[in-house]
Amino acid sequence: MSNTIEHIVVVGGGSAGWLAAAVIAAEHRHLRVTLVESPGVPPIGVGEGTWPSMRDTLHRIGVSESDFFRECDAAFKQGSRFDRWVDGSDGDYYFHPFVLPQGYGDANLAAAWQARHREVPFADLASFQPHLCVQGRAPKQARTPEFAAVANYGYHLDAGKFGVFLRTHCVDKLGVRHVLDHVDAVVPHEDGERRGDIAGLRLRESGTLTGDLFIDCTGMQSLLLGGHYGVPLLHQKHVLFNDRALAVQVPYATPDAPIASQTTSTAQSAGWIWDIGLPTRRGIGYVYSSAHVGDEEAARQLGDYVVAGGGPASISPRRIAFEPGYRERFWQRNCVAIGLSAGFIEPLEASALALVEMSAAWLADDMPATRAQMDVVAARFNEAFTYRWERVIEFLKLHYVLSTRSDSSYWIEHRQAGSIPARLQELLELWRTRPPSRRDFPRIEEVFPSASYQYILYGMQFAFDGAPRASDLPQEADRHFREAARLTAQMLPALPSNRALLEHIRMHGLPRI
Ligand SMILES: Cc1cc2nc3c(=O)[nH]c(=O)nc-3n(C[C@H](O)[C@H](O)[C@H](O)COP(=O)(O)OP(=O)(O)OC[C@H]3O[C@@H](n4cnc5c(N)ncnc54)[C@H](O)[C@@H]3O)c2cc1C
């Protein structure tokens with residue numbers, strides 16, 4: 001099987017399809033890339049929170065960040081804020097910012113915080129970024145070039161506009177061929193050594209589309225990997241119960257209302273509500289477990305949240321059902337699934353688009369040159385992404401197992417041992433006497449670094465009681481805490497508000513690199 005790989009066919013025109021097409025086409029100018037999407041099946045239209053990795057992705061595909069801000073109604077995201085997750089009381093909050101704790105790795109910050117500074121939330125002590133978020137500050141200045149940061153940031157964006165933006169760039173600048181047609185059937189290779197591969201796709205209007213590698217970005221139906229190849233979904237509802245979402249777009253009370261610098265996730269009786277600020281509106285949604293709350297009661301809780309935040313008294317949220325899980329394999333024969341077709345777990349840390357970016361980057365970096373190489377690349381991809389999905393699930397579960405809320409069966413059941421992955425239980429046991437370290441997450445490209453675990457653990461008031469160690473160096477930790485405070489004092493007056501900088505970008509743009 002030495003056939004050269006020349007033609008990549010992406011099926012699906014949601015965020016996953018266009019991101020995959022863009023990253024591959026930008027890296028491999030010699031390859032033909034075709035994206036086919038059904039005119040009758042719209043993209044899911046949600047997915048508004050991203051990671052800092054999106055800056056690298058957008059830079060890699062060659063777009064202007066200023067154009068992106070303007071055309072995607074995008075805003076800055078500097079992390080997540082979790083309200084009412086610890087015990088559900090008023091004033092119960094913590095941050096998971098995008099910057100590492102100050103001096104992370106040089107000193108045992110967690111031990112010093114726990115021994116002497118418990119009255120201050122861990123992230124507020126170890127990082128300047130929560131303070132920027134509380135004050136609604138932007139993570140850079142008007143003169144900071146595109147994609148560069150003073151404080152690490154990702155984006156909040158309008159998912160529908162993002163798809164159009166990527167499509168225009170793919171078609172106009174990267175030479176991606178766009179076919180608007182519905183895939184009715186898969187045409188397999190019938191014989192020879194490629195028997196079992198996909199030869200082509202039968203399109204409703206325009207005949208058969210052949211290709212060498214097929215990227216399944218067909219959303220939750222997983223048309224090629226799940227449908228054609230029958231690769232099963234590994235269900236995860238027993239670990240992470242949420243399987244429904246209600247999503248709504250809410251106008252600001254006034255056009256100059258502050259734009260939040262973080263995603264806020266507010267815990268509810270049977271799930272949590274996301275709140276994302278874009279320049280022109282907020283995106284708000286309730287992610288919940290249908291086994292623990294009915295749709296009507298969930299809609300009522302969402303309505304109460306919207307009204308409490310100054311939104312309209314009446315809302316008509318969109319309901320989205322999902323089955324939490326990921327595929328047993330992501331790449332089979334000459335077909336690889338990226339996006340919702342590969343799996344989906346509740347968007348608590350906005351990891352879905354990050355996994356799309358990682359998948360697209362892996363594919364672009366390790367693109368097989370021939371069919372003979374493909375099985376080797378596929379095996380490595382499957383191993384890497386199974387590892388990543390497992391880590392995502394453990395990290396999301398961590399947010400639940402540490403809560404002391406007992407106001408509903410939802411929170412109590414989340415702490416039952418049978419629902420907690422074994423590896424997470426083992427790590428929690430270790431973390432009773434020492435903080436998470438890089439050794440716990442040893443891969444070069446971990447989805448969540450040990451610093452993220454520290455932010456969640458200590459944000460949730462997890463206590464450890466290990467004996468002091470010679471390497472703890474309390475004076476070093478305190479030096480880093482003072483540095484975080486100094487940076488806070490320096491940055492707050494120097495950084496514009498989120499809205500002011502976004503307005504500047506709309507009018508004048510950012511300097512190009
Ligand atoms: C409630 C909710 C909130 C979320 N929030 C976040 C978030 O904050 N951050 C984040 O990173 N992710 C989030 N996600 C996930 C994110 O929305 C998705 O990962 C992202 O939108 C990618 O979707 P997709 O492109 O895989 O699928 P889709 O957007 O569903 O696109 C599927 C595409 O396949 C095409 N298609 C389907 N069938 C056919 C056919 N037969 N022939 C041709 N084409 C076909 C459709 O036309 C469509 O273009 C969220 C998801 C949900 C459900």
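The values are calculated or read from the model by the stated rules, or taken from the named source; none is laboratory data. What you are looking at is a predicted structure, and each value in this text was computed from that prediction instead of being measured. No Cβ is skipped: glycine too gets one built from the backbone with ideal geometry, and neighbour counts run over all protein chains shown. Side chains included, ligands, DNA and RNA excluded: accessible areas come from the protein's heavy atoms. Shrake-Rupley method; radii C 1.70, N 1.55, O 1.52, S 1.80 Å.
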Hand me the GluC sites (Glu not before Pro) from the range 433-482 located in a DSSP loop with no more than 13 other Cβ atoms within 10 Å, in residue order please.
GLU445
With every protein chain in place, what's the accessible area of LEU348 (1.4 Å probe, Å², nearest 10)?
10 Å²
Amide H contacts under 5 Å for LEU35, restricted to residues at least 5 apart in sequence or on another chain and with H modeled in the peptide plane, are VAL10, ARG177, HIS178, VAL179
Under a cut-off of 21 Å between alpha-carbon atoms, report the lysines in cross-link reach of LYS140, not counting same-chain residues fewer than 8 places apart.
LYS77
Protein accessible area in the range 14-165, 1.4 Å probe - carbon and sulfur %:
48 percent
From largest accessible area down, sort THR208, THR144; use a 1.4 Å probe on the protein chains.
THR208, THR144
Can you give the % of DSSP beta bridges in the range 1-155 that are antiparallel, to the nearest 5?
55 percent
List the residues whose amide H sits under 5 Å from the amide H of ALA185, counting only those 5 or more places along or on another chain, with H placed 1.01 Å from N in the peptide plane.
ARG202
Calculate how steeply helix 498-508 sits against the longest principal axis of the alpha-carbon atoms of the chain, using the helix alpha-carbon long axis, and give the answer as 0 to 90 degrees to the nearest 10.
40 degrees
Prolate/oblate/rounded label for the range 82-125 (Cα gyration tensor, a/c 1.5):
oblate
Measuring with a 1.4 Å probe in the full set of protein chains, what accessible area per residue, in whole Å², belongs to the range 318-461?
36 Å²
Using alpha carbon centroids, what distance separates the range 141-191 and the range 232-311, in Å?
25 Å
Over the chain, what is the percentage of antiparallel beta bridges among all DSSP beta bridges, to the nearest 5?
70 percent
Quick one: helix 474-494 against the long Cα principal axis of the chain, what's the angle to the nearest 10°, folded into 0 to 90?
70 degrees
Leaving ligands, DNA and RNA out of it, report the carbon-plus-sulfur percent of the accessible area of the range 244-321 at a 1.4 Å probe.
55 percent
Keeping all protein chains in position, work out how much accessible area LYS173 exposes to a 1.4 Å probe, and write it in Å² to the nearest 10.
140 Å²
Can you give me the accessible area per residue for the range 170-284, using a 1.4 Å probe, in Å²?
41 Å²
Step through the residues of the range 378-390 one at a time and calculate ³J(HN,Hα) from phi using the Karplus curve (6.51 cos²θ - 1.76 cosθ + 1.60, θ = phi - 60°), rounding each to whole Hz and writing x for Gly and Pro.
4, 4, 5, 4, 4, 5, 5, 7, 4, 4, 5, 4, 4
Carbon and sulfur atoms: what percent of the 1.4 Å accessible area of the range 392-459 do they account for?
52 percent
Rounded if a/c is under 1.5, else prolate if a/b beats b/c, else oblate: with a ≥ b ≥ c from the C-alpha gyration tensor eigenvalues square-rooted, which is the range 159-311?
oblate
Based only on Cα atoms, what mean projected area does the convex hull of the chain have, in nm²?
24.1 nm²
With everything on Cα atoms, drop me the angle between helix 159-173 and the longest principal axis of the chain, reported from 0 to 90° to the nearest 10.
50 degrees
